[in-house]
Amino acid sequence: MYSKILVLRFPKTEVQKPIVCDLARKFELTFNILWATILPRKEGVMVLELSGERKHFRDGVNYLKDQGVDVQKAGREIKRNNKLCTHCGACTAVCP
(Lines give C-alpha, C1' and ligand atoms only; values in the text may rest on other atoms or scores of the structure.)
Protein backbone atom coordinates (compact mmCIF):
# COMPACT_ATOMS: atom_id res chain seq x y z
CA MET A 1 0.00 0.00 0.00
CA TYR A 2 1.35 3.41 -1.02
CA SER A 3 0.16 6.55 0.76
CA LYS A 4 0.89 10.28 0.55
CA ILE A 5 -0.61 13.48 1.87
CA LEU A 6 -1.34 15.86 -1.00
CA VAL A 7 -2.51 19.44 -1.31
CA LEU A 8 -4.99 19.82 -4.17
CA ARG A 9 -5.93 23.19 -5.64
CA PHE A 10 -9.07 23.14 -7.75
CA PRO A 11 -9.79 25.91 -10.27
CA LYS A 12 -13.17 27.57 -9.78
CA THR A 13 -14.50 25.81 -12.90
CA GLU A 14 -13.93 22.40 -11.26
CA VAL A 15 -15.00 22.81 -7.61
CA GLN A 16 -18.56 21.57 -8.21
CA LYS A 17 -17.46 18.33 -9.92
CA PRO A 18 -17.08 15.01 -8.04
CA ILE A 19 -13.41 14.68 -9.01
CA VAL A 20 -12.21 13.06 -5.76
CA CYS A 21 -15.10 10.59 -5.76
CA ASP A 22 -14.29 9.67 -9.38
CA LEU A 23 -10.64 9.33 -8.40
CA ALA A 24 -11.48 6.71 -5.77
CA ARG A 25 -13.89 4.81 -8.00
CA LYS A 26 -11.87 4.78 -11.24
CA PHE A 27 -8.46 4.07 -9.72
CA GLU A 28 -9.30 1.92 -6.67
CA LEU A 29 -7.82 4.47 -4.27
CA THR A 30 -8.78 5.31 -0.71
CA PHE A 31 -8.86 8.91 0.42
CA ASN A 32 -9.17 10.76 3.69
CA ILE A 33 -9.97 14.47 3.49
CA LEU A 34 -7.94 16.15 6.22
CA TRP A 35 -9.01 19.72 5.44
CA ALA A 36 -10.85 21.52 2.65
CA THR A 37 -12.21 24.96 1.84
CA ILE A 38 -13.50 27.05 -1.01
CA LEU A 39 -11.73 30.40 -1.16
CA PRO A 40 -13.49 33.74 -1.75
CA ARG A 41 -12.74 33.63 -5.48
CA LYS A 42 -14.34 30.15 -5.60
CA GLU A 43 -11.11 28.15 -5.98
CA GLY A 44 -10.96 25.01 -3.86
CA VAL A 45 -8.12 23.81 -1.65
CA MET A 46 -8.05 20.33 -0.14
CA VAL A 47 -5.52 18.44 1.96
CA LEU A 48 -6.01 14.78 1.18
CA GLU A 49 -4.37 11.55 2.27
CA LEU A 50 -4.44 9.25 -0.76
CA SER A 51 -3.67 5.51 -0.54
CA GLY A 52 -3.55 2.56 -2.91
CA GLU A 53 -1.29 0.56 -5.18
CA ARG A 54 1.60 2.64 -6.49
CA LYS A 55 0.53 2.35 -10.17
CA HIS A 56 -3.06 3.30 -9.34
CA PHE A 57 -1.72 6.19 -7.25
CA ARG A 58 0.34 7.53 -10.19
CA ASP A 59 -2.57 7.10 -12.60
CA GLY A 60 -4.89 8.85 -10.14
CA VAL A 61 -2.56 11.83 -9.72
CA ASN A 62 -2.29 12.11 -13.52
CA TYR A 63 -6.11 12.07 -13.69
CA LEU A 64 -6.26 14.95 -11.19
CA LYS A 65 -3.78 16.95 -13.25
CA ASP A 66 -5.76 16.22 -16.43
CA GLN A 67 -8.81 17.71 -14.68
CA GLY A 68 -6.91 20.96 -14.06
CA VAL A 69 -6.15 20.27 -10.40
CA ASP A 70 -2.76 21.45 -9.11
CA VAL A 71 -1.24 18.62 -7.05
CA GLN A 72 1.56 19.18 -4.52
CA LYS A 73 3.07 16.99 -1.81
CA ALA A 74 2.07 18.38 1.59
CA GLY A 75 5.64 18.52 2.89
CA ARG A 76 6.54 21.21 0.38
CA GLU A 77 3.26 23.09 0.62
CA ILE A 78 2.63 23.54 4.35
CA LYS A 79 4.64 26.38 5.85
CA ARG A 80 3.47 28.50 8.73
CA ASN A 81 3.88 32.25 8.47
CA ASN A 82 3.53 33.51 12.03
CA LYS A 83 2.68 37.03 10.84
CA LEU A 84 -0.31 35.77 8.84
CA CYS A 85 -1.31 32.73 10.91
CA THR A 86 -4.92 32.75 12.12
CA HIS A 87 -4.46 29.52 14.15
CA CYS A 88 -7.06 27.66 12.08
CA GLY A 89 -5.32 24.33 12.75
CA ALA A 90 -5.17 23.20 9.10
CA CYS A 91 -1.40 22.76 9.24
CA THR A 92 -1.56 20.48 12.30
CA ALA A 93 -3.48 17.85 10.35
CA VAL A 94 -0.59 17.36 7.93
CA CYS A 95 2.47 18.42 9.92
CA PRO A 96 5.16 15.72 9.80
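The residues on offer are LYS55, LYS26, and the sole one that is assigned to a helix (DSSP H, G or I) and closer than 15 Å to LYS4 by Cα is LYS55. Please determine, by comparing only the residues of the range 29-52 that are touching a Lys or Arg at 6+ places or on another chain (Cβ under 6 Å) and charged (D, E, K, R), which one is nearest to LEU6 (Cα to Cα). Result: GLU43.
Could you run through the range 3-23 and say how many residues are outside any strand (DSSP E or B), open to solvent by 50 Å² or more (accessible area, probe 1.4 Å) and not hydrophobic (A, V, I, L, M, F, W, C)? Of the residues in the range 3-23, 5 are outside any strand (DSSP E or B), open to solvent by 50 Å² or more (accessible area, probe 1.4 Å) and not hydrophobic (A, V, I, L, M, F, W, C).
If you go through the range 37-96 and keep only what is among the acidic types (Asp, Glu) and at pLDDT below 85, you end up with just GLU77.
Could you look through the range 31-63, keep only residues that are open to solvent by 60 Å² or more (accessible area, probe 1.4 Å), among the acidic types (Asp, Glu) and more than 15 Å from GLU14 (Cβ to Cβ), and pick out the one that is nearest to the chain's Cα centre (by Cα)? Among them, the one singled out is GLU49.
The values are calculated or read from the model by the stated rules, or taken from the named source; none is laboratory data. The shown structure was predicted, so the numbers you read here are calculated from the model rather than taken from an experiment. Note that we place each Cβ from the backbone using ideal geometry, even for glycine, and neighbour counts take in every protein chain shown. SASA here: full protein model, heavy atoms, side chains in, ligands and nucleic acids out. Shrake-Rupley method; radii C 1.70, N 1.55, O 1.52, S 1.80 Å.
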